[in-house]
Amino acid sequence: MKILIIQLRQLGDILLTTPVVRAIKDQIPEAEVDFMTYPMGRLIIPGNPLIQNHIIAPQEGVMAAMSFARKLREKHYDVVIDFMATPRSAVMARLVPAYERIAFHTSRAPLFTQTIPRVRSDQYIVREKFQLLKPIGITSSDVRMMLPVDDRDFDVPRKFLNSVPELSESKMRVILSPTHRRAERRWPLERWAQLAIWLERSRHAKVIWIWGPGEEEEIDSVIRLSQGVGIKSPKTTFRELAALIKESHLFIGNSNGPSHVAVAMDTPSIQLHGPTSAVSWCPMTERHRALQGSDMAAISLNDIQNLIVSSSVN
């Protein structure tokens, strides 16, 4: 059986779709699974031993799209599963010759051979994705994500940690991730600064501020607000960031890409949610917890402090 999975973007969504691959291979070991993403998927998919081919869809350009469409028509799959069902992904799914094309039910249902009603319930998004496997007879409860990291990915993080004795010797290294591309999903920087001060002074933790492209200025601002508490991480690749999170004892962040990386690395984590559903985006286990507010400002510093003190991540 040849199966194509389509999840073009975003990094967190691509990562959250990787448990689907494991579910397929666990129950149909002989299946060949290909995974289609935009170029950003190169940060996550390569090196995954369960994926046969990583197919890169063009994000822009009419000529590139036409060339890609011709190549798609040459491929033959038994099953195509589109986890997005957006206008663009649905057309891509339709261009692929396949016996079955499956997606959640939307206005683009005529482009698929079978659509599944999206049941809105309080469940982790990975479990929701598993619903699209039922038409091919697959069920799963294993929500573990797959993000391959190797020894080379640990070189930069370990060099960074070893260069700062208080970090390398600390028994509680805490990653703080205060950024998000959407303002309404950011906990106020002043609260992040207060949290950093509390962690170092009251919990004897060492704080590491992480950042990605375009976020360094925001991190510099929160360090100033915290009166210099914490250390800014070095510039890293996506997988080096994953390795740094793996080398830490606790992750606290907005509902952003790194929060899903923390879950993938199984580093104990606390996610902060305002407009996004905590239950949908966090597995809500002993190691991975979340706080929900009517908006981000509704989450108090005391809420986080109590969760740290009372949970197994303390």
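The values are calculated or read from the model by the stated rules, or taken from the named source; none is laboratory data. Treat the numbers as computed from the prediction; the structure is a model and nothing was measured. As a convention, Cβ positions derive from the backbone with ideal geometry for all residues, glycine included, and neighbour counts pool all protein chains shown.
Keeping to the stretch 171-191, report how many residues are assigned to a helix (DSSP H, G or I) and touching a strand residue (DSSP E or B) at 6+ places or on another chain (Cβ under 6 Å).
Residues of the stretch 171-191 assigned to a helix (DSSP H, G or I): 183-185, 189-191.
In the following step, the residues that additionally are touching a strand residue (DSSP E or B) at 6+ places or on another chain (Cβ under 6 Å) were identified as 185.
Here the count works out to 1.
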All-but-one check, N254 against (1) at positive phi; (2) surrounded by 21 or more Cβ atoms within 10 Å (Cβ to Cβ), failing number (1)
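Here is a list: G228, G253. Which entry is at pLDDT 95 or above and more than 19 Å from the chain's Cα centre (by Cα)?
Going through G228, G253 in turn, the sole match is G228.
Residue-by-condition table, conditions (1) surrounded by 20 or more Cβ atoms within 10 Å (Cβ to Cβ); (2) under 25 Å from the mean Cα position of the chain (by Cα); (3) not hydrophobic (A, V, I, L, M, F, W, C):
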{"position": "R9", "(1), (2), (3)": "no, yes, yes"}
{"position": "T37", "(1), (2), (3)": "yes, yes, yes"}
{"position": "I56", "(1), (2), (3)": "no, yes, no"}
{"position": "I81", "(1), (2), (3)": "yes, yes, no"}
{"position": "S89", "(1), (2), (3)": "yes, yes, yes"}
{"position": "M92", "(1), (2), (3)": "yes, yes, no"}
{"position": "H105", "(1), (2), (3)": "no, yes, yes"}
{"position": "F112", "(1), (2), (3)": "yes, no, no"}
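Among the residues that make up the stretch 20-27, is at least one of them crowded, with 16+ Cβ neighbours inside 10 Å, of a type outside the set (G, A, S) and closer than 24 Å to G212 by Cα?
If we filter the stretch 20-27 for residues that are crowded, with 16+ Cβ neighbours inside 10 Å, which is where we start, we get 20-25.
Those left that are additionally of a type outside the set (G, A, S): 20-22, 24-25.
Remaining after also requiring closer than 24 Å to G212 by Cα: none.
No.
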Of the conditions (1) in contact with a Lys or Arg (Cβ under 7 Å, 6 or more places away or on another chain); (2) touching a residue at least 40 places away in the same chain (Cβ under 8 Å); (3) more than 30 Å from I299 (Cα to Cα), V143 satisfies every one except a single condition; which number is it?
(3)
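Pull up the stretch 273-306, narrow it to residues that are hydrophobic (A, V, I, L, M, F, W, C) and more than 21 Å from the chain's Cα centre (by Cα), then point me to the one that is farthest from A196 (Cα to Cα).
The first filter runs over the stretch 273-306 and keeps only residues hydrophobic (A, V, I, L, M, F, W, C), leaving 278-279, 281-282, 284, 290-291, 296-299, 301, 304.
With more than 21 Å from the chain's Cα centre (by Cα) added as a condition, the list becomes 297-299, 301, 304.
Details: A297: 17, A298: 18, I299: 16, L301: 10, I304: 11 Å.
Here the answer is A298.
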With respect to P178, determine if the residue is modelled with pLDDT of 95 or more and either under 13 Å from I308 (Cβ atoms) or surrounded by fewer than 18 Cβ atoms within 10 Å (Cβ to Cβ) (or both).
no
Take Q123 and decide whether it is under 28 Å from W281 (Cβ atoms), of a type outside the set (A, V, I, L, M, F, W, C) and surrounded by 15 or more Cβ atoms within 10 Å (Cβ to Cβ).
yes
Scan of the stretch 1-22 for residues that are in a helix (DSSP H, G or I) and under 18 Å from Y77 (Cα atoms), ordered by number
V20, V21
Please verify whether W198 is touching a strand residue (DSSP E or B) at 6+ places or on another chain (Cβ under 7 Å), surrounded by 15 or more Cβ atoms within 10 Å (Cβ to Cβ) and over 30 Å from A93 (Cβ atoms), treating the condition exactly as stated.
no
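Can you tell me which of R287, R203, R224 is surrounded by fewer than 23 Cβ atoms within 10 Å (Cβ to Cβ), in contact (Cβ under 8 Å) with a residue 60 or more places away in the chain and not hydroxyl-bearing (S, T, Y)?
Details: R287 fails: in contact (Cβ under 8 Å) with a residue 60 or more places away in the chain; R224 fails: in contact (Cβ under 8 Å) with a residue 60 or more places away in the chain.
Only one candidate qualifies: R203.
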Can you confirm whether the stretch 208-223 contains a residue that is more than 19 Å from M146 (Cβ to Cβ) and of a type in the set (F, W, Y)?
yes
Would you be able to tell me the number of residues in the stretch 58-79 that are surrounded by 15 or more Cβ atoms within 10 Å (Cβ to Cβ), part of a loop (DSSP other than H, G, I, E, B) and within 28 Å of the chain's Cα centre (by Cα)?
1
